[in-house]
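Peer 1: Take this structure first; my questions come after.
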Amino acid sequence: MRFLYCLLLFAALIQGGLKANAQARQVNVRFKLVNAAKEPVPFATLEVISVPDTVRRQQKAADSSGSAVFTLTPDRPYLVRVSSANNQPFEKSLMVRGDNTEYELELKPLTTALNTVVVRAARPLMRQEDDKTIVDPENLAAVSTNAYEILEKTPGLFVDQDGNIYLTSTTPATVYINGREQKMSAADIATMLKNLPPNAIASIEILRTPSARYDASGSGGIVNVVLRKGVRIGLTGSVTAGMNQGRYGNQFLGINLNNNNGLLTTYLNLQYGRRQSYDRLETNRFFSADSLLAQDALTRYKADNLYLGYGLSYQFAKKWEAGYDGRISYNTVDNRSTNLSRIIKLSSSSLAGTNDTRVRNKGSNYNITQGLNLKHRIDSAGSEWTTDLSFTYAPNGTEQTFNTGDGDLDNRLRFFSAQTNLVKKIGRSLTVEAGGKTSLVGFRNSTDYFRLNGNIRETDSVRTGAYRYREYIHAGYVQASKVIRGITFKAGARLEHTDMRGRQIEPDDTSFAIKRTDLFPYVYISKSIMTIAGYDLRAYLVLRRTISRPAYEYLNPTLRFIDPFLFETGNPSLRPQFTWNYEANISVDERPIVAFGVNDTKDIFTQVVYQADTNAKVSLRTYDNLGSNKETYIRLLGAIPPGKRYFFVVGAQYNHNFYNGFYEQKPLSFRRGSWTIFSYHSFRLTPLTQLSMSGFARFKGQQQFYELSTFGEFRASVSQQLFKKKLNLTLSVNDIFRTNRNEFTINQGSINAYGMREADTRRFGLNLRYNFGLRKKEERSMFDVESRE
């Protein structure tokens, strides 16, 4: 609570210091856009111009409920202009009154033939809607071959080499697709994202501090990938093809179709892709005072994938909308690795032994996801009731061969989710939300290993195993927000019941169960401080509690062979970890420019490496609860408003972690601080040619207990529009200076090692995209990127 008081004092001091410079009292004015049927008109562009000083103007995009909030001065005349696809331009003069802070503006539909209309609309790189940042991936998709690469290039996101996505914390973010959590491992989610076509993504929603409406498991935040659907009248779409070349090459070809007749919307997305890459890992581990184990592992990844996405939505009875969507992806893999291990006597620099391990993993997997959703618009104020059902089936079969034997691995995942949410607007300043969710996860793993004894193939009873896992999570939440004297208060709580059960059938009959019910509060306070050059400056305070549950692969006790000196296993006794998050930030136009926060985690679990008791040369990689971790972070973000030709956004973040607990039954105290910076630049060389540059750098990075060297990546691309702007040609290069490789050290307990890791990150690419149908062009705001579609 002392930290919360400090945050409140922090906001009060800033408000007091800046408010003294404010020239006049200002109020928040909400504009609500509706059509003739009083239905919301989402994502229109509003511009508010001060009269007679027309230089002072504000511009925003309406949110999904057709609302936009501006900070204006009472008793001063303004001119309001609205532009929206499929609606006539709107213009209205008004005088803001202190007792009237909400205006409803009715837009009229276009009466001309739309096939001859060129529509101008917003293409912001980042915009804020409620508690989430929305990223438009249009420019990023032009230089990417799949959704995974788009996330790698998104400013402010960091994706490590294992597929984990990081926002603010060193805890990975939770990945959603179309608002649905994906109950998969980081590696499986990375594979799924690599199967998604780049032009299939409509937007990326980033929630750093999600409210009680979202699952409490998002301690590292949430990244929601929203897939494209038909949002414009008529038939539109695009055909894309591309490739990039590093040491190995990637290629893809796809088509995206969207059809909207006003009531019925359908979409279809089809893509074929081929991916090849490599990962190299060099490790040197001291396992005795005079002995070093040096390993050099090189893995080549090769995969072919076919993706099909489809769906429809239908509006009926004016206020009801039903939708169905599905995704099917089929993936074949053929991964081959070599690992040369050498045991070196340090005193004599002599070679005491060598081993060359060769492993091949060949198999196939597919993912079938089906979803149903229903939305009821209760009123024109934005009240709505939504219900969503989804089911995922993801089997994975792999044949593994190595020097001394072979194995068959069979994994099958089933995931069902049902949720409903009610949002009710009461009056002008009170919003009440409530809902519930149930999710069921079933996972089956069977591994049959065989070893060669001479020419005889016999069962390997140590590695052969069978594992079953079930997870039931039932949740309910309620929260409310209200504006009182210019201060927005939002508070709520989420109650979740967890029931996790696992059982290893082979080689030993073991079982575990976790049952618990937990409460997760959420508090959010926001206050407008002042307006600078037409931009609203606000202070925010957020407090929340979250949980991180161990994934099923973390709990699976089956022993997995990596190489003769490294084995991997799960830990059935792993406990969930809980985190309290406190954050204070100052935002411009609802976009955080400076934030300070603390993540206080108990029972933290992480990946650990233990030296085997029976053989010092062999180590075991597993997961364990180690104690507590207090993470303090500060985040800075700035940009220049885009002019006619140039725009940039730059950010920096500092994280400091303090672990305190036990490792190998000995006290553990570990401190580590790291900086991450990122930047995005866009420069229009000609009206049809655009140069983009982006990159990141991480100084003294950290990955669990691994201390990383400085590494980063710089990217550049140039795009050219042709054939009346329907064809877009993009040339790109990633990791220009080949700096996205890191050296690491770990010195915890009995493990003392160092090494290097690199991947096939330097790539030269060529992408082609042909658009047909209606096209959007640009408009600007402080964080916009000039782009055209």
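Peer 1: Round to the nearest 0.05 the FRET efficiency obtained for Trp675 and Arg247 when R0 = 35 Å and r is the Cβ-Cβ distance. All intermediate terms of the calculation are to be shown ahead of the outcome.
Peer 2: Numbers: r = 30 Å, r/R0 = 0.86.
Step by step, r from the Cβ atoms, then E = 0.70.
Peer 1: Cut-off under 13 Å on the C-alpha distance; same-chain residues fewer than 8 positions from Lys362 excluded. Which aspartates and glutamates are left, in chain and number order?
Peer 2: Cross-link targets: Asp304, Asp334, Glu399, Asp406, Asp408, Asp410.
Peer 1: Rounded to the nearest 20 debye, what is the charge dipole size of region 313-419 about its Cα centre when +1 sits on each Lys and Arg Cβ and -1 on each Asp and Glu Cβ?
Peer 2: Numbers: 13 positive and 11 negative charges, 50 e Å.
The dipole magnitude comes to about 240 debye.
Peer 1: Under a point-charge model restricted to the Cβ atoms of Lys and Arg (+1) and Asp and Glu (-1), what is the dipole moment magnitude of the chain relative to its Cα centre, in debye to the nearest 20? Walk me through the intermediate numbers first.
Peer 2: Numbers: 101 positive and 74 negative charges, 399 e Å.
It comes to approximately 1920 debye.
Peer 1: With label points built 7 Å along Cα→Cβ from the Cα atoms of Thr745 and Thr438, find their separation and express it in nm.
Peer 2: 5.4 nm
Peer 1: In debye, nearest 20: dipole of region 561-710 around its Cα centre with unit charges on the Cβ of K, R (+) and D, E (-)?
Peer 2: Working: 15 positive and 12 negative charges, 123 e Å.
Value, rounded to 20: 600 debye.
Peer 1: At a 10 angstrom cut-off on C-beta neighbours, averaged per residue, how do the peptides 600-608, 454-462 rank from highest to lowest? Please report the intermediate quantities before stating the final value.
Peer 2: Values: 600-608: 18.6, 454-462: 10.8.
Peptide ranking by packing, descending: 600-608, 454-462.
Peer 1: Would you compute, from DSSP H runs of 4+ residues alone, the mean residue ellipticity of the chain at 222 nm, taking -39500 (n - 2.57) per run and dividing by the full residue count, rounded to the nearest 500?
Peer 2: Details: 5 runs with 43 residues, N = 789.
Rounded to the nearest 500, the figure is -1500 deg cm²/dmol.
Peer 1: Separate question: Taking the Cα centre of the chain as the origin and placing charges on Cβ (Lys, Arg +1; Asp, Glu -1), which of Ser83, Ala616, Ser238 is farthest toward the positive end of the dipole?
Peer 2: Ser83
Peer 1: Angle check, please: helix 2-19 long axis (alpha carbons) against the longest principal axis of the chain (alpha carbons), in degrees 0 to 90, nearest 10.
Peer 2: Tilt of helix 2-19: around 40 degrees.
Peer 1: Let me ask something additional. Order 719-732, 619-632 from most to least packed using the mean count of other Cβ atoms within 10 Å.
Peer 2: On the way: 719-732: 15.6, 619-632: 18.4.
Order by mean packing, descending: 619-632, 719-732.
Peer 1: Tell me, what ³J(HN,Hα) does each residue in region 541-555 have, in order and in whole Hz, if you take phi through Karplus 6.51 cos²θ - 1.76 cosθ + 1.60 with θ = phi - 60° and put x for Gly and Pro?
Peer 2: 10, 9, 9, 7, 10, 9, 10, 10, 8, x, 6, 4, 6, 6, 9
Peer 1: Working from Cα positions, state the angle (0 to 90°, nearest 10) between the long axis of helix 186-195 and the longest principal axis of the chain.
Peer 2: That helix lies at roughly 60 degrees to the long axis.
Peer 1: Shifting gears a bit: With a ≥ b ≥ c the root eigenvalues of the C-alpha gyration tensor of region 164-307, is it rounded (a/c under 1.5), prolate (a/b larger than b/c) or oblate? Numbers along the way, then the final one.
Peer 2: Values: a/c = 3.89, a/b = 1.53, b/c = 2.53.
Since a/c reaches 1.5 but b/c is at least a/b, the shape of region 164-307 is classed as oblate.
Peer 1: Here's another thing I want to ask about it. 7 Å from Cα along Cα→Cβ at both Tyr324 and Leu268: what's the point-to-point distance in nm?
Peer 2: Inter-label distance under the simple model: 1.6 nm.
Peer 1: Considering Cα pairs under 8 angstrom that are at least six residues apart, work out the relative contact order of region 442-545 and quote it in whole percent. Mind dumping the intermediate values first?
Peer 2: Working: 217 pairs, mean separation 21.5, N = 104.
About 21 percent, as a whole number.
Peer 1: Of Lys38/Lys108; Lys38/Lys375; Lys602/Lys630; Lys319/Lys425; Lys425/Lys490; Lys92/Lys318, which ones are farther than 20 Å apart at the Cα? Don't jump to the answer; show the numbers that get you there.
Peer 2: Details: Lys38/Lys108 11 Å; Lys38/Lys375 16 Å; Lys602/Lys630 9 Å; Lys319/Lys425 16 Å; Lys425/Lys490 14 Å; Lys92/Lys318 27 Å.
Exceeds cut-off: Lys92/Lys318.
Peer 1: Also, I was wondering about something else. Using Cα-Cα distances under 8 Å and only pairs 6 or more residues apart, what relative contact order does region 147-230 have, in percent? Intermediate results must be reported in sequence, preceding the final value.
Peer 2: Details: 129 pairs, mean separation 29.9, N = 84.
Over region 147-230, the number comes to 36 percent.
Peer 1: Under Stokes-Einstein, with the Kirkwood radius over Cα pairs standing in for Rh, what whole-number D in µm²/s applies to region 599-724 at 4 °C and 1.567 mPa s?
Peer 2: Details: Rh = 18.2 Å.
Here the translational diffusion coefficient equals 71 µm²/s.
Peer 1: Show me 240-251, 196-207 ranked by packing, highest mean number of other Cβ atoms within 10 Å first.
Peer 2: Numbers: 240-251: 18.2, 196-207: 22.0.
By packing density, highest mean first, the sequence is 196-207, 240-251.
Peer 1: Which lysines, if any, have their Cα less than 25 Å from the Cα of Lys726, not counting same-chain residues under 8 positions apart?
Peer 2: Qualifying lysines at Cα under 25 Å: Lys153, Lys229, Lys644, Lys776, Lys777.
Peer 1: What percent do you get for the relative contact order of the chain when only Cα pairs under 8 Å and 6+ apart count? Intermediate results must be reported in sequence, preceding the final value.
Peer 2: Numbers: 2203 pairs, mean separation 83.8, N = 789.
Reported relative contact order: 11 percent.
Peer 1: Then there is this: Rounded, prolate or oblate: which one fits region 209-279, using the alpha carbon gyration tensor with axes a ≥ b ≥ c (rounded when a/c is under 1.5, else prolate when a/b beats b/c, else oblate)? Intermediate values should be presented prior to the final figure.
Peer 2: On the way: a/c = 3.93, a/b = 1.05, b/c = 3.73.
Because a/c hits 1.5 or more and a/b fails to exceed b/c, region 209-279 counts as oblate.
Peer 1: Something else about it: Restricting to Cα atoms and excluding each atom paired with itself, what does the Kirkwood estimate give for region 436-579 in Å? Kindly include the intermediate steps, with their values, before the conclusion.
Peer 2: Working: mean 1/r = 0.0516 Å⁻¹.
Hydrodynamic radius (Kirkwood, Cα only) of region 436-579 equals 19.4 Å.
Peer 1: With every protein chain present, what is the per residue accessible area of the chain (1.4 Å probe, Å²)?
Peer 2: Numbers: 34420 Å² over 789 residues.
Ligands and nucleic acids excluded, the figure is 44 Å² per residue.
Peer 1: For Asp760, what residues show an amide H to amide H distance below 5 Å, using hydrogens built from the backbone and excluding near sequence neighbours?
Peer 2: Here Tyr278 satisfy the definition.
Peer 1: Let me ask another. Measuring from centroid to centroid over Cα atoms, what is the spacing of region 694-752 and region 574-627 in Å?
Peer 2: Taking the Cα centre of each part, region 694-752 and region 574-627 sit 23 Å apart.
The values are calculated or read from the model by the stated rules, or taken from the named source; none is laboratory data. Everything quoted here is computed from the prediction, not taken from an experiment. With ideal geometry, Cβ positions are generated from the backbone for all residues, glycine too; neighbour counts draw on all protein chains shown. When the accessible area is computed, the model is the full protein with side chains, heavy atoms only, and any ligands, DNA or RNA have been set aside. Shrake-Rupley method; radii C 1.70, N 1.55, O 1.52, S 1.80 Å.
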